Amino acid sequence: MASEEYYEKLSFPDAPKIVTKTIPGPQTRALLEKELSNETPTRIAPIGIPIAWEEASGATFKDPDGNVFIDLSSGVAVNNVGHSHPEIVEVIKNECGRLMHTPDGTCKNRQRLGAMLAEAAPGNLKNNVRMAYGLSGSSANEIAIKFARASTGKSIILGFQGAYHGSIGTTLTLTTSPTFRSLYRPFMPFVERLGPYPYCYRCPYDLTHPECDLQCAKYVEFQLTDPYGGIDVGDVAAVILEPMQGEGGYVPPPPGWMEYMYNLFNRLGILIIDDEVQMGMGRTGTLFAVENFGVEPDIITMGKALGGDLPFSAVLCRADLVKDLEPFSHVLTAAGNSMSCAVACKNLELIQDGLLDRSKEMGAYAKGRLKELAKEREVIGDVRGMGWGIAIELVCNKTTKQPLSMAEVVRIVWHLRDKGVYVLPCGRFDNILRMVPPLMISKDLVDKSIDIIADVLETADMARYSLNWTMGS
């Protein structure tokens, strides 16, 4: 395991540092205007949070005007080892002049990655999986769904309320956010919704765990076993679920729920697809988030931090499920290219070399500080999460739990940006500040970030009693 001094040196030493009078500064503003004039208005970050990237290192980045920010987003849980990690950069330099694109073909780096993933697979999946590769989390989930249907001969895919599994095809149908869905109907057929996914802070039954006796799990069982429930269980190929919902609000299930679900689906002969795209690769303190619950899926999807600085994803299927798939029945031109596989191998090495424990320890430290802060800030309703996947849920009132409006959350996010802390919101009500920094973030940067969050949320509390808090003020 590397030292704290080593992790500190991976980031820009002067973060955070704001040198322009306003954010975005003049160069950033000009770049945004030129870029967005050529693109569709569908992107979230440059419109919702006007900012540009010029250079990134570790848990920090600079904009074109020279402002330096602490990155609490990791590029949406992508840069788990940090931006431009020197060992990753070295791999890319070595590989890019030797071999990059192979048309879904054989190469040494691809063979090595498959062996590493097979060895790392949890439980009885260890060395009992077969791999397929993609270019994004969405493509990995599409592949998993395709293989589940082919291996079972069944059609229906189940998903949960509050889920995010992608933004194209069947994965868009499984995603429940109206932001992503509202304009893009009709959706794919043979998809059914289960729920509620356990959201203990906002329990729809108004119960408290463990006295609730997992009523949310029992209702899912009712949905699947009621003869008039409307789901043809005999034609269900698989269920896809996140070990901790990401875009839905960084919502971890309570003890016992995941085990209940796995027992239920196994009893009904339904394959389980474990979506590890956002929560895998050490984010929750284990390589696979599902390892926190002691259960074993049939298929695992990975993306984001597996490739890190390069777009890459993988699907790990239990070997017997895919052994009879037809040759040539699945192709993806750029999947599994040599350089991306080499980078994925290095990401796996770096994460398993101390970053799993660091994610647990620093995540627990940050969550502890934030829970103490919640006692002082009326605007913080809940602090939750696992490892370095932490949610700060913002509310108008702790008693009613009324979500803070999107406009107010955006103001907070902009104020954090103006003070040098980059945070992305999420959640069913868009009222969650998610802390998902690179796993190697130094304790010093964690403390600086939380101090700034504390100051900005104090302003937010005060703003509830005034009308003069505006964007960028």
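The values are calculated or read from the model by the stated rules, or taken from the named source; none is laboratory data. All values reported here derive from a predicted model rather than from experimental measurement. With ideal geometry, Cβ positions are generated from the backbone for all residues, glycine too; neighbour counts draw on all protein chains shown.
I need the full set of residues from the stretch 355-375 which are touching a residue at least 60 places away in the same chain (Cβ under 8 Å) and charged (D, E, K, R), in order please.
The answer is D357, R358, K360, R369.
Within the stretch 280-297, take every residue that is touching a strand residue (DSSP E or B) at 6+ places or on another chain (Cβ under 6 Å) and part of a loop (DSSP other than H, G, I, E, B) and give me the one that is farthest from L348 (Cα to Cα).
Applying the filter and picking the extreme gives P297.
If I filter the stretch 258-267 for residues that are among the acidic types (D, E), assigned to a helix (DSSP H, G or I) and over 18 Å from N292 (Cβ atoms), do I get at least one hit?
No, the stretch 258-267 contains no residue that is among the acidic types (D, E), assigned to a helix (DSSP H, G or I) and over 18 Å from N292 (Cβ atoms).
Looking at the structure I just gave you, is R318 in the same structural domain as V220 (by TED's automatic domain parsing) and buried (at least 20 other Cβ atoms within 10 Å of the Cβ)?
Criteria met by R318.
Please find, within the stretch 80-116, the residue that is nearest to L287 (Cα to Cα) out of those that are part of a helix (DSSP H, G or I) and basic (K, R).
The extreme case among them is R112.
Just checking, does the stretch 298-321 include any residue being assigned to a loop (DSSP other than H, G, I, E, B), of a type in the set (V, I, T) and in contact with a strand residue (DSSP E or B) (Cβ under 9 Å, 6 or more places away or on another chain)?
No: the stretch 298-321 contains no residue that is assigned to a loop (DSSP other than H, G, I, E, B), of a type in the set (V, I, T) and in contact with a strand residue (DSSP E or B) (Cβ under 9 Å, 6 or more places away or on another chain).
Which numbered condition trips up F12, out of (1) within 29 Å of S167 (Cβ to Cβ); (2) buried (at least 16 other Cβ atoms within 10 Å of the Cβ)?
In the conditions (1) within 29 Å of S167 (Cβ to Cβ); (2) buried (at least 16 other Cβ atoms within 10 Å of the Cβ), F12 misses (1) alone.
Per-residue answers, yes or no, for (1) assigned by TED's automatic domain parsing to the domain that holds D309; (2) assigned to a helix (DSSP H, G or I); (3) in contact with a strand residue (DSSP E or B) (Cβ under 9 Å, 6 or more places away or on another chain):
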| site | (1), (2), (3) |
| --- | --- |
| P24 | no, no, no |
| R29 | no, yes, no |
| E33 | no, yes, no |
| P41 | no, no, no |
| A56 | no, no, yes |
| F69 | no, no, yes |
| A118 | yes, yes, yes |
| M131 | yes, no, yes |
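Given (1) more than 18 Å from L416 (Cβ to Cβ); (2) in a helix (DSSP H, G or I), where does G75 come up short, assuming only one miss?
Answer for G75: the failing condition is (1).
If you check F265 against the conditions, is it farther than 17 Å from V129 by Cβ, of a type outside the set (K, R), at pLDDT 95 or above and in contact with a helix residue (DSSP H, G or I) (Cβ under 6 Å, 6 or more places away or on another chain)?
So F265 fails the test.
Given T22, T60, T42, which one is under 27 Å from the mean Cα position of the chain (by Cα) and surrounded by 12 or more Cβ atoms within 10 Å (Cβ to Cβ)?
T60
What number goes with the only condition from (1) at pLDDT below 95; (2) in contact with a helix residue (DSSP H, G or I) (Cβ under 8 Å, 6 or more places away or on another chain); (3) farther than 30 Å from C203 by Cβ; (4) part of a helix (DSSP H, G or I) that M462 does not pass?
(2)
Between M281, M258, which is surrounded by 19 or more Cβ atoms within 10 Å (Cβ to Cβ) and within 27 Å of R202 (Cβ to Cβ)?
Among M281, M258, only M258 is surrounded by 19 or more Cβ atoms within 10 Å (Cβ to Cβ) and within 27 Å of R202 (Cβ to Cβ).
If we keep just the residues of the stretch 171-219 that are polar (S, T, N, Q) and within 23 Å of M258 (Cβ to Cβ), which is modelled with the lowest pLDDT?
S177
I'd like to know if the stretch 340-359 contains one or more residues that are over 21 Å from the mean Cα position of the chain (by Cα), within 28 Å of S155 (Cα to Cα) and crowded, with 24+ Cβ neighbours inside 10 Å.
Among the residues of the stretch 340-359, not one is over 21 Å from the mean Cα position of the chain (by Cα), within 28 Å of S155 (Cα to Cα) and crowded, with 24+ Cβ neighbours inside 10 Å, which makes the answer no.
Which number in (1) free of Cβ contacts under 8 Å to residues at least 60 places away in the same chain; (2) of a type in the set (G, A, S); (3) buried (at least 17 other Cβ atoms within 10 Å of the Cβ) marks the one condition that A115 misses?
The single condition A115 does not satisfy is (3).
Can you name the number of the only condition in (1) of a type outside the set (K, R); (2) surrounded by fewer than 20 Cβ atoms within 10 Å (Cβ to Cβ); (3) in a loop (DSSP other than H, G, I, E, B) that A150 fails?
Tallying (1) of a type outside the set (K, R); (2) surrounded by fewer than 20 Cβ atoms within 10 Å (Cβ to Cβ); (3) in a loop (DSSP other than H, G, I, E, B), A150 fails exactly one: (3).
Of all the residues that make up the stretch 180-207, how many are part of a helix (DSSP H, G or I) and either outside the structural domain of G153 (by TED's automatic domain parsing) or touching a residue at least 24 places away in the same chain (Cβ under 8 Å) (or both)?
3
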